[in-house]
Amino acid sequence: MSRTWIVIPLFNEAPIIGSVIKDLLPVFPHIVCVDDGSTDTSAEAARAAGAVVVQHPVNLGQGAALQTGFEYVLQDPEASCVVTFDADGQHRVADAEAMVQRIQSGEAEVVLGSRFLDGRTRLGPMKRIVLRTAALQIRWSTGMPLTDAHNGLRAFNRQVTSNLHLTQNRMAHASELIHVLSTLKPRWTEHPVEIVYTDYSKSKGQSLLNSVNILADLLFR
């Protein structure tokens with residue numbers, strides 16, 4: 001995994017980002033966190049844990065943070081693969097590692113995480129309905145038969161990454177990214193991943209907030 005880069009959008013995750021990075025480093029030594037205008041000590045915590053940190057002076061949104069991360073990684077001429085990874089501790093390093101291995105084996109150029117391919121992820125009824133509806137909408141609009149269109153754990157090879165130019169700064173970037181992939185037509189697959197809804201993420205209301213954001217994206221994009 002020595003030339004795989006992890007890209008982590010980072011906004012006010014100071015209590016958890018250090019442990020997320022420390023879990024990643026034994027497998028993925030190249031990590032860039034894009035601090036998206038945090039008002040806490042997220043950037044300092046990420047640097048102290050061993051990540052490279054690039055900072056936005058103001059909050060621009062997750063899509064903008066990902067695009068900045070892609071552009072940073074592409075400056076490394078030896079970077080061969082990019083993984084997007086959430087900052088809040090909900091993704092598993094083992095899942096990311098398995099996804100990268102599928103790219104390195106030549107099986108796919110893009111591997112998208114899906115929480116619906118096995119039974120590990122525990123979802124509430126409303127969250128499940130929203131995510132299923134979002135996946136159906138993406139199928140209809142792109143022709144890509146995804147089961148999980150709003151999963152932040154994704155892996156791309158370098159060539160695909162170089163053709164990702166996200167213009168939707170906030171939650172709409174997730175749908176935009178799939179639309180871009182449907183135009184590029186890389187070899188892609190989904191991979192079963194577990195999303196771990198921790199006490200920390202629940203305390204921040206992220207599960208409910210993400211559901212609301214996804215619904216807004218579907219209704220107003």
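The values are calculated or read from the model by the stated rules, or taken from the named source; none is laboratory data. All of these numbers come straight from a predicted model, not from anything done at the bench. Quick reminder, even Gly has a Cβ in these numbers, built from the backbone with ideal geometry, and neighbours come from all protein chains shown. Keep in mind that these areas ignore ligands, DNA and RNA; they rest on the heavy atoms of the full protein, side chains included. Shrake-Rupley method; radii C 1.70, N 1.55, O 1.52, S 1.80 Å.
Quick rundown of the values:
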quantity	calculated
Any hit, segment 134-141, residues being touching a helix residue (DSSP H, G or I) at 6+ places or on another chain (Cβ under 8 Å) and either open to solvent by less than 30 Å² (accessible area, probe 1.4 Å) or aliphatic (A, V, I, L, M) (or both)	yes
Which listed residue, of Q159, Q168, is more than 19 Å from M99 (Cα to Cα) and either touching a residue at least 24 places away in the same chain (Cβ under 8 Å) or not in a helix (DSSP H, G or I) (or both)	Q168
Some residue of segment 195-210 being at pLDDT 90 or above, assigned to a strand (DSSP E or B) and not acidic (D, E)	no
Residue list for segment 56-68, filter: of a type in the set (A, V, I, L, M, F, W, C) and open to solvent by 30 Å² or more (accessible area, probe 1.4 Å)	V58, L60
Pairs with Cβ under 9 Å, 6+ apart, first in segment 8-22 and without any contact (Cβ under 8 Å) to a residue 40 or more places away in the chain and of a type in the set (A, V, I, L, M, F, W, C), second assigned to a helix (DSSP H, G or I) and open to solvent by less than 10 Å² (accessible area, probe 1.4 Å)	A14/S42; A14/A43; A14/A46; I21/A46
Single residue of segment 36-55 satisfying the filter (of a type outside the set (A, V, I, L, M) and open to solvent by 20 Å² or more (accessible area, probe 1.4 Å)) that is farthest from N169 (Cα to Cα)	G50
Yes/no for L131 being in contact with a helix residue (DSSP H, G or I) (Cβ under 9 Å, 6 or more places away or on another chain) and at pLDDT 90 or above	no
Matching residues, segment 92-108, being out of contact with any helix residue (DSSP H, G or I) (no Cβ under 6 Å at 6 or more places or on another chain), touching a residue at least 60 places away in the same chain (Cβ under 8 Å), closer than 16 Å to F28 by Cα and open to solvent by 20 Å² or more (accessible area, probe 1.4 Å)	R92, E97, A98, R102
